[in-house]
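Data block below; observations after.
The values are calculated or read from the model by the stated rules, or taken from the named source; none is laboratory data. Please read these numbers as outputs of a predicted model, since none were measured by experiment. Cβ: placed from backbone, ideal geometry, glycine included. Neighbour counts: every protein chain shown. With ligands, DNA and RNA removed, areas are computed over all heavy atoms of the protein, side chains included. Shrake-Rupley method; radii C 1.70, N 1.55, O 1.52, S 1.80 Å.
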Amino acid sequence: MKLKLNVVVSLLLLLVSIATCCPPSDRRALLSFRAALHEPYLGIFNSWTGQDCCKNWYGVSCDSLTHRVADINLRGESEDPIFERAHRTGYMTGHISPAICDLTRLSAITIADWKGISGEIPTCITRLPFLRTLDLIGNQISGGIPNDIGRLHRLAVLNVADNRISGSIPKSLTNLASLMHLDLRNNLITGLIPSDFGRLTMLSRALLSGNRITGRIPESLTKIYRLADVDLSGNKLYGTIPPSLGRMAVLATLNLDGNKFSGEIPQTLMTSSVMNLNLSRNLLQGKIPEGFGPRSYFTVLDLSYNNLKGPIPRSISGASFIGHLDLSHNHLCGRIPAGSPFSHLEAASFMYNDCLCGKPLRACLKN
């Protein structure tokens with residue numbers, strides 16, 4: 001009788017152990033994923049041993065109820081003690097295996113800043129219905145963003161910055177109704193910003209700089225109420241700057257530098273919510289708009305390397321704050337206004353114009 005009881009207890013303990021471990025299918029998928037990567041310095045995969053991938057496997061987290069793998073978080077730049085002991089950042093080569101798609105309960109994939117991971121984004125990733133975060137920044141990943149990325153209706157963060165992603169922005173991307181953070185910076189992306197970009201109603205950051213994107217800023221982008229940070233710098237965008245950008249409710253940073261925008265600077269930008277405005281290195285013409293006032297608050301206002309003419313508007317002295325101002329490399333002429341913010345600016349802010357004078361440049365000739 002005692003023997004039978006011991007057998008029953010052992011079976012129950014075994015069942016409990018199995019129930020609280022990750023399933024064998026998830027373990028197999030993780031090991032296949034690991035097999036496609038080579039990390040020679042830190043040994044982060046040394047902990048990937050044993051039957052329970054939910055317990056002490058570096059960078060792996062599981063759902064507390066289902067015990068399915070829910071989160072892969074592998075960062076090559078971290079304050080984790082494993083990096084401190086090695087006195088270095090991470091370096092990893094290889095590719096992201098499609099085996100990752102067998103982890104069907106994944107909500108977050110972070111494989112960031114490893115510098116040497118190449119290959120393409122597995123297209124099967126778009127079949128992970130619970131995915132909320134896809135962060136692959138800082139690798140050598142090539143190929144395009146999967147065409148059916150829009151199937152990931154829960155996706156809130158898409159970050160593939162600092163890679164070698166090519167092709168155009170997929171049309172289906174605008175189906176990502178939950179997307180809040182989009183970072184495509186410093187890749188090889190071409191083509192247009194989708195005309196229906198404004199469908200991304202939850203978006204707060206749109207960072208597309210350092211690519212080869214062409215065309216115009218779609219008007220629909222200016223309808224995204226939550227959009228606070230727009231960086232389109234270093235592309236091949238052209239046309240005029242939409243005045244509606246200056247009417248966006250919470251837009252705080254607008255970087256359009258290093259493009260081919262022409263026409264005049266919209267007056268709406270001078271009294272908007274934008275605090276960091278960089279329009280440098282474009283083909284902008286006309287005068288710097290009047291209309292500065294108490295609502296004008298700029299930590300950065302950079303209009304350098306354009307074709308602006310005329311005087312510096314006197315109303316700029318009415319701005320509540322301007323921290324950094326750069327009007328250099330234009331065709332401005334006339335007296336630099338006295339007082340704030342000009343009293344704390346250096347000559348470099350005004351150099352290489354046609355005929356500006358006054359502090360901090362040379363004195364103006366008396367009539």
#### Entry: At 0.692 mPa s and 37 °C, Stokes D of the stretch 197-303 from Kirkwood alpha-carbon radius, µm² per second
239 µm²/s
### Query
Measuring from label point to label point, each 7 Å out along Cα→Cβ, what is the Ala338 to Arg127 span in nm?
7.4 nm
### Message
Over the Cα atoms, compute the radius of gyration (one decimal) and Dmax (the largest Cα-Cα distance, rounded to a whole number) for the stretch 278-317, in Å.
### Response
10.6, 29
### Query
Roughly speaking, what is the centre-to-centre gap between the stretch 31-47 and the stretch 58-137 when only Cα atoms are used, to the nearest Å?
12 Å
### Query
In a GNM of the chain with a 10 Å cut-off on Cα contacts, which of Leu158, Leu301, Leu345 has the highest mean-square fluctuation?
Leu345
### Message
In Å, what Kirkwood hydrodynamic radius results for the stretch 254-367 from the alpha-carbon pair distances?
### Response
14.0 Å
#### Entry: Globularity ratio of the stretch 104-192, using Cα Rg and 2.2 N^0.38 Å
0.98
### Query
Using only the Cα atoms of the stretch 151-219, what do you get for the radius of gyration and for Dmax, in Å?
11.3, 29
### Query
List the cysteines of the chain that have no other Cys Cβ closer than 4.7 Å: which are they?
Cys21
### Query
Can you pull the percent of the stretch 117-254's accessible area that's carbon plus sulfur, 1.4 Å probe, other chains left in place?
49 percent
### Message
Taking the 0 to 90 degree range and rounding to the nearest ten, how far is the long axis of helix 2-19 tilted relative to the main principal axis of the chain, both from C-alpha atoms?
### Response
20 degrees
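Out of all DSSP beta bridges in the chain, what portion is antiparallel? Express it as a percent rounded to 5.
On the way: 5 of 56 bridges.
Taking every DSSP beta bridge within the chain, about 10 percent pair in antiparallel fashion.
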### Task
Could you pull out every one of the lysines with an alpha carbon less than 18 Å from that of Lys236, ignoring same-chain neighbours closer than 8 positions?
Lys260
## Note on the structure
Residue separation between Thr214 and Ala347 times 0.36 nm, minus their alpha-carbon distance, gives in nm 44.4 nm
### Message
Between the stretch 146-207 and the stretch 240-296, how far is it from one alpha carbon centroid to the other, in angstrom?
### Response
24 Å
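Please quote Rg/Rh for the chain to two decimal places, taking the Kirkwood radius as Rh and restricting both calculations to Cα atoms.
Result: Rg/Rh = 1.14.
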### Query
For the Cα atoms of the chain, what angle does the longest principal axis make with the long axis of helix 24-35, in degrees from 0 to 90, nearest 10?
50 degrees
#### Entry: Globularity index of the stretch 27-174, i.e. its alpha-carbon radius of gyration over 2.2 N^0.38 Å
1.02
